[in-house]
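Working notes for the structure below.
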Amino acid sequence: MPLTPEIKSYLTGKVAWVATADKAGVPNLSPKGTLSVVDDNTLVFADLFSLKTRTALEENPNVAVAVTDPAGPSGYQFKGKAELLTSGPLYDQVAAGVKEKMPQLPAPKYVVKINLTDIYSLTPGPDAGKKIG
């Protein structure tokens, strides 16, 4: 199931928590304020300062992303394969968005493109943890 219009709208303006693990299985968790939707099957975020995230993704492209709403008990978890981009049209688009919203920050060292494989509900209740896509 691709990203629905409801899920795409939900993601706007929220902080994402990105989980990775290196080749030894050591986990890493990092907040990302630049998560955005590329298309129905792809998410992207800019990396500005996350050395551990980059190292883990270079060794193991599997990634999980959780987005919740602190104002209300709802959320989604996304799983997929990450691709690190250091140039190209998508990198340029994300870098321009970062510069526009946060001009005081440096250009992204890279952009992480996530090709989604699974979507789960994080909303409390009988469907919590249920695969929805």
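For segment 11-58, a residue qualifies if it is more than 16 Å from residue 114 (Cβ to Cβ) and surrounded by 14 or more Cβ atoms within 10 Å (Cβ to Cβ), and the qualifying residues are 22, 48, 52, 55.
Residues in segment 102-133 that are of a type outside the set (Asp, Glu) and free of Cβ contacts under 8 Å to residues at least 12 places away in the same chain: 102, 103, 104, 125, 126, 128, 129, 130. For segment 59-104, filtering for residues that are farther than 20 Å from residue 116 by Cβ and of a type in the set (Lys, Arg) leaves 2. Checked against (1) in contact (Cβ under 8 Å) with a residue 12 or more places away in the chain; (2) surrounded by 13 or more Cβ atoms within 10 Å (Cβ to Cβ); (3) of a type outside the set (A, V, I, L, M), residue 99 passes all but condition (1).
Taking every residue in segment 1-17 that is closer than 13 Å to residue 40 by Cα and pairing it with any residue that is small (Gly, Ala, Ser), at least 6 positions away or on another chain, the pairs with Cβ-Cβ distances below 6 Å are 1/133. Scanning segment 21-48 for residues that are more than 20 Å from residue 5 (Cβ to Cβ) and in contact (Cβ under 8 Å) with a residue 60 or more places away in the chain yields 34, 45, 46, 47, 48.
In the set (1) within 30 Å of residue 128 (Cβ to Cβ); (2) in contact with a Ser or Thr (Cβ under 7 Å, 6 or more places away or on another chain); (3) of a type outside the set (Ser, Thr, Tyr), residue 5 fails one condition alone, (2).
Against the conditions (1) surrounded by fewer than 16 Cβ atoms within 10 Å (Cβ to Cβ); (2) under 22 Å from residue 129 (Cα atoms); (3) at pLDDT 95 or above, residue 70 satisfies every one except (3). Inspection of segment 54-65 identifies no residue that is modelled with pLDDT of 95 or more and of a type in the set (Ser, Thr, Tyr). With respect to residue 111, determine if the residue is farther than 18 Å from residue 7 by Cα and among the hydrophobic types (A, V, I, L, M, F, W, C). Spelling it out, residue 111 is indeed farther than 18 Å from residue 7 by Cα and among the hydrophobic types (A, V, I, L, M, F, W, C). Of all the listed residues (118, 127, 92), the sole one being touching a Lys or Arg at 6+ places or on another chain (Cβ under 7 Å), loosely packed, with under 15 Cβ neighbours inside 10 Å and more than 18 Å from residue 50 (Cβ to Cβ) is 118.
The values are calculated or read from the model by the stated rules, or taken from the named source; none is laboratory data. Only a predicted model underlies this, so the values are computations on that prediction, with no experimental measurement involved. Note: ideal-geometry Cβ built from the backbone for every residue, glycine included; neighbour counts use all protein chains shown.
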